[in-house]
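In what follows, a structure is listed as structure tokens, so that the remarks can point back to it.
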Amino acid sequence: MTSTASPSLTDALPPAAEILADIDRAFAEDIGPGDATADLLDPKATATAVLTCRENAVICGTAWFDAAFRKLDPDVRIEWLAHDGDRVTAGSPICRLAGQARALVTAERTALNFLQLLSSTATVTSRYVDALAGTPTRILDTRKTLPGLRRAQKYAVRCGGGTNHRIGLFDAMMLKENHIIAAGGIRPAVNAARLIHPTLPLIVEVETMDELAEVIAAGADRALLDNFTPAMLTEAVAYTAGRIPLEVSGNVELDTIHAIARTGVDFISSGALTKHVRAIDLSLRLDVKHPGD
């Protein structure tokens with residue numbers, strides 16, 4: 001087991017109140033007025049459990065996992081053998097629990113859903129990061145996240161070694177084709193953006209070398225090269241010569257990302273980190289102890 005987590009992960013973790021709100025929404029749709037099946041269990045029964053990861057993965061989502069169980073059993077004991085950002089191999093035990101049997105069986109699905117989803121995002125991100133090895137290029141996430149779970153998934157991207165792009169439409173300005181057309185061109189669009197939101201980072205999408213030249217002249221903070229060919233990317237890097245950071249989007253795949261990075265671009269953004277979700281395979285096995293056992 002090796003750790004890929006950076007010291008800044010704690011700062012990237014959403015606030016506890018936000019994590020608890022995620023759990024409350026999940027419980028509302030899953031438990032509703034009550035867990036009918038758990039009513040079969042003696043309220044005084046206790047249980048222990050071992051959580052195993054059945055495939056190679058990067059773990060993420062332990063705070064959501066903990067919050068789910070502690071919501072139903074504040075005294076539950078949770079011992080993590082792996083932590084957010086850790087790479088684990090198939091068959092690794094990653095957590096041990098002990099608490100009220102009813103609470104463990106009721107919270108299990110919600111806790112695993114969060115851990116499976118966020119570990120998936122972290123694992124996919126780690127593969128893109130690995131593909132960039134030997135280059136200075138960084139992988140960025142996008143706004144293509146599951147509704148209501150953006151901060152959670154962006155935290156998972158950090159756990160996988162990736163870098164966060166803007167959180168939403170409020171913390172950076174990104175001028176795309178329609179914005180530029182509506183404003184009357186790149187220069188008027190950049191000028192208007194600087195006037196309205198002078199402190200926000202300003203990224204401008206370009207589709208040609210001529211547009212890139214305009215963006216540099218206009219003084220944007222970053223150029224977003226949309227669907228540039230490899231030859232165009234090489235030309236753009238040489239032309240820019242470090243005057244403005246370059247970000248690549250469009251037609252980014254795991255098997256092409258290294259070649260894109262070798263052109264010398266600064267960033268590559270990909271929605272695949274967060275929207276192509278396949279849950280990591282986890283198994284939670286309980287051992288129930290009834291009163292009098």
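Computed quantities for the displayed model
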item	result
Residue in region 51-59 that is assigned to a helix (DSSP H, G or I) and of a type in the set (S, T, N, Q) present	no
Test: residue in region 140-150 that is without any contact (Cβ under 8 Å) to a residue 60 or more places away in the chain and over 30 Å from A12 (Cα atoms)	no
Members of region 258-270 found to be crowded, with 20+ Cβ neighbours inside 10 Å, within 25 Å of the chain's Cα centre (by Cα) and part of a loop (DSSP other than H, G, I, E, B), listed by number	V265, S270
Test: residue in region 33-41 that is touching a residue at least 60 places away in the same chain (Cβ under 8 Å), of a type outside the set (G, A, S) and touching a strand residue (DSSP E or B) at 6+ places or on another chain (Cβ under 9 Å)	yes
Residue in region 271-287 that is over 20 Å from the mean Cα position of the chain (by Cα), part of a strand (DSSP E or B) and hydrophobic (A, V, I, L, M, F, W, C) present	yes
Single residue of region 203-219 satisfying the filter (in a strand (DSSP E or B) and in contact with a Lys or Arg (Cβ under 7 Å, 6 or more places away or on another chain)) that is surrounded by the fewest Cβ atoms within 10 Å (Cβ to Cβ)	E205
Those residues of region 186-202 which are touching a residue at least 24 places away in the same chain (Cβ under 8 Å) and outside any helix (DSSP H, G or I), in sequence order	H197, L200, P201, L202
Exclusive hit being under 24 Å from I257 (Cβ atoms), part of a helix (DSSP H, G or I) and not aliphatic (A, V, I, L, M), set R158, R166	R158
Residue match in region 250-267 (condition: more than 30 Å from L104 (Cα to Cα) and of a type in the set (K, R))	yes
Region 71-88 - residue that is out of contact with any Asp or Glu (no Cβ under 9 Å at 6 or more places or on another chain) and surrounded by fewer than 18 Cβ atoms within 10 Å (Cβ to Cβ) and, of those, nearest to D130 (Cα to Cα)	H83
Test: E177 is surrounded by fewer than 21 Cβ atoms within 10 Å (Cβ to Cβ), in the same structural domain as P245 (by TED's automatic domain parsing) and at pLDDT below 95	yes
For A111: the one exception among (1) buried (at least 23 other Cβ atoms within 10 Å of the Cβ); (2) in a helix (DSSP H, G or I); (3) in the same structural domain as L254 (by TED's automatic domain parsing)	(3)
Residue within region 89-102 that is farther than 21 Å from A156 by Cβ, of a type outside the set (A, V, I, L, M, F, W, C), in a helix (DSSP H, G or I) and over 17 Å from the mean Cα position of the chain (by Cα) present	yes
Among the residues listed as L41, L104, L51, the single one being at pLDDT below 95 and surrounded by 16 or more Cβ atoms within 10 Å (Cβ to Cβ)	L41
Among the candidates D24, D42, residue that is more than 25 Å from T163 (Cα to Cα), in contact with a helix residue (DSSP H, G or I) (Cβ under 9 Å, 6 or more places away or on another chain) and part of a loop (DSSP other than H, G, I, E, B)	D42
Identity of the residue in region 133-155, of a type outside the set (D, E, K, R), within 25 Å of R262 (Cα to Cα) and under 11 Å from the mean Cα position of the chain (by Cα), that ends up surrounded by the fewest Cβ atoms within 10 Å (Cβ to Cβ)	T142
One residue from A218, A241, A223, A213 being in the same structural domain as F170 (by TED's automatic domain parsing) and under 20 Å from I139 (Cα atoms)	A223
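The values are calculated or read from the model by the stated rules, or taken from the named source; none is laboratory data. Predicted model, so just to flag it, every value in this text is computed and none were measured. FYI the Cβ positions are ideal-geometry reconstructions off the backbone, even for glycines, and counts take in every protein chain you see.
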